[in-house]
Amino acid sequence: IKGLFSLWQKDEKVWIELKPEDFNKPFFFAPKLARGLGEGGIFGGSMFVPGARVDDRIVEFRRQHNLVQLVAVNNEFIARDPKSPEARAVAASFAPSLLSSATVASSPHPERKTVLVDAGSLLLNDMLAIGAALQRAYRQGYSLEGRNTQFTQVRGKPDQVVFNIDAHFYTANLAVPQPGTPPGMPQPTVPRTLPDPRSMILGLHIAIGKLPETPMPARVADARVGYFSTTLQDFGDDLARSPRQRYVNRWRLEKKDPSAAVSEPVKPITFWLDRTIPLKYRDAISKGVLGWNPAFERAGFKDAVVVKVQPDDAEFDTLDTDTASIRWMTNAQPIFGAIGPSQVDPRSGEILDADIGLESLSSRSVRTLRSQVLA
């Protein structure tokens, strides 16, 4: 399977082919929850799970003799000049984290000098800490059960590889509320949306992709404005009042004609309407998204935002990191109405992906409330 890395698959086994230059090189790691519970903050199609580590980060493959490690780089603490004494001090002060590891599964290829690594050892684990999030949400002993956790699909693109995983979380016994517990103390509960509350097969979407070759120029956030922002601690200047730097999370927009007052962008902000959105709402949602274009025109961009509809037979997934989407979430009860997370390049605040969720019950809830209050 050709892509950013070559992937090899035989039955349930998957291997990643790594070139010598792939080691100690930063990559964008973007996990998402493709199928959830519809409650408890475990929502399918989400970039965020309360209490878990379902978020974007920079990772590196590092080789230690016959072991390959997937390491989360500590990119919050930096010194801009990587060869400076300050950068050496930062590297000695703030540790990275090990996500997973696997033994090298092959000799080097005689021509390409590449080696194979078992993708299952790297990715079929609970590195995202979803088990801990389930334990906090329900006070039950849920944990990942590896025997029934497997890849359901692997795909390759020129700029990323994607792993779809069925992850089985299980507890052998269910705790029950204890009589006499003081009021206000947390009590064990169970998910109400499962056929058997002891077992759940969650869907994970994990992408490993290229970072922009040249980081976008960062824009310093203004504390008076409510931006979504990226925070870095830059220790390169010891005379700065504070090492804390906040950058605006924003899309990379560049004019095709830099000399024009208003120009089309080199790459517009493209949102795909996921095929989960009911047909009757697609036109209204498209108009709502395109309603931002007049604001971008005042900033010098014509048709900065584009809307496309994912075909029913499309082979791509709108959860991929190169495909911003608007999707339909069907949860057991309305929680947030709509949610707009994004994943960004932590070096600059450039938005690399966004998957907007519209909750199916939110409009019904508003209609019900209106009928009750204004009846």
Checklist entry - In the set Leu202, Leu194, which member is at pLDDT 95 or above and either surrounded by 15 or more Cβ atoms within 10 Å (Cβ to Cβ) or assigned to a helix (DSSP H, G or I) (or both)? => result Leu202
Item to check | Count of the range 98-119 residues which are among the small types (Gly, Ala, Ser), under 22 Å from Ile58 (Cβ atoms) and touching an Asp or Glu at 6+ places or on another chain (Cβ under 9 Å) | outcome: 1
Item to check | Top-ranked residue in the range 355-373 [being more than 17 Å from Ala284 (Cβ to Cβ), polar (S, T, N, Q) and without any contact (Cβ under 8 Å) to a residue 24 or more places away in the chain; ranked as most open to solvent (accessible area, probe 1.4 Å)] | outcome: Gln372
Item to check | Condition check for Ile1: part of a strand (DSSP E or B), among the β-branched types (Val, Ile, Thr), in contact with a Lys or Arg (Cβ under 9 Å, 6 or more places away or on another chain) and surrounded by fewer than 21 Cβ atoms within 10 Å (Cβ to Cβ) | outcome: no
Checklist entry - Picking from Val305, Val309, which residue would you name as being in contact (Cβ under 8 Å) with a residue 12 or more places away in the chain, surrounded by fewer than 17 Cβ atoms within 10 Å (Cβ to Cβ) and within 26 Å of Arg250 (Cα to Cα)? => result Val309
Checklist outcome for this item: Per the filter on the range 228-276, residues aromatic (Phe, Trp, Tyr) and in a loop (DSSP other than H, G, I, E, B) are Phe228, Phe235, Trp251
Checklist entry - Which of the following residues is closer than 23 Å to Gly36 by Cα, out of contact with any Cys (no Cβ under 7 Å at 6 or more places or on another chain), surrounded by fewer than 20 Cβ atoms within 10 Å (Cβ to Cβ) and modelled with pLDDT of 90 or more: Ala338, Ala332, Ala314, Ala324? => result Ala314
Checklist entry - So which helices (runs of 4 or more DSSP H) stay within the range 59-156 end to end and still have 2 or more residues that are open to solvent by less than 50 Å² (accessible area, probe 1.4 Å) and farther than 30 Å from Gln245 by Cβ? => result 119-123, 130-138
Next on the checklist: So in the range 32-42, with the set limited to residues that are open to solvent by 20 Å² or more (accessible area, probe 1.4 Å) and either assigned to a loop (DSSP other than H, G, I, E, B) or touching a helix residue (DSSP H, G or I) at 6+ places or on another chain (Cβ under 6 Å) (or both), which one is farthest from Asp353 (Cα to Cα)?
Outcome noted: Gly40
Next on the checklist: Checking the condition of a type outside the set (D, E, K, R), at pLDDT 95 or above and open to solvent by less than 10 Å² (accessible area, probe 1.4 Å), which residue from Val54, Val14, Val49 passes?
Outcome noted: Val14
Checklist entry - Residues in the range 292-307: is at least one more than 19 Å from Leu204 (Cα to Cα), part of a strand (DSSP E or B) and of a type in the set (Phe, Trp, Tyr)? => result yes
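The values are calculated or read from the model by the stated rules, or taken from the named source; none is laboratory data. Remember, predicted model here, so these are calculated numbers, not experimental data. FYI the Cβ positions are ideal-geometry reconstructions off the backbone, even for glycines, and counts take in every protein chain you see. In case anyone asks, the SASA skips ligands and DNA or RNA and just uses the protein heavy atoms, side chains included. Shrake-Rupley method; radii C 1.70, N 1.55, O 1.52, S 1.80 Å.
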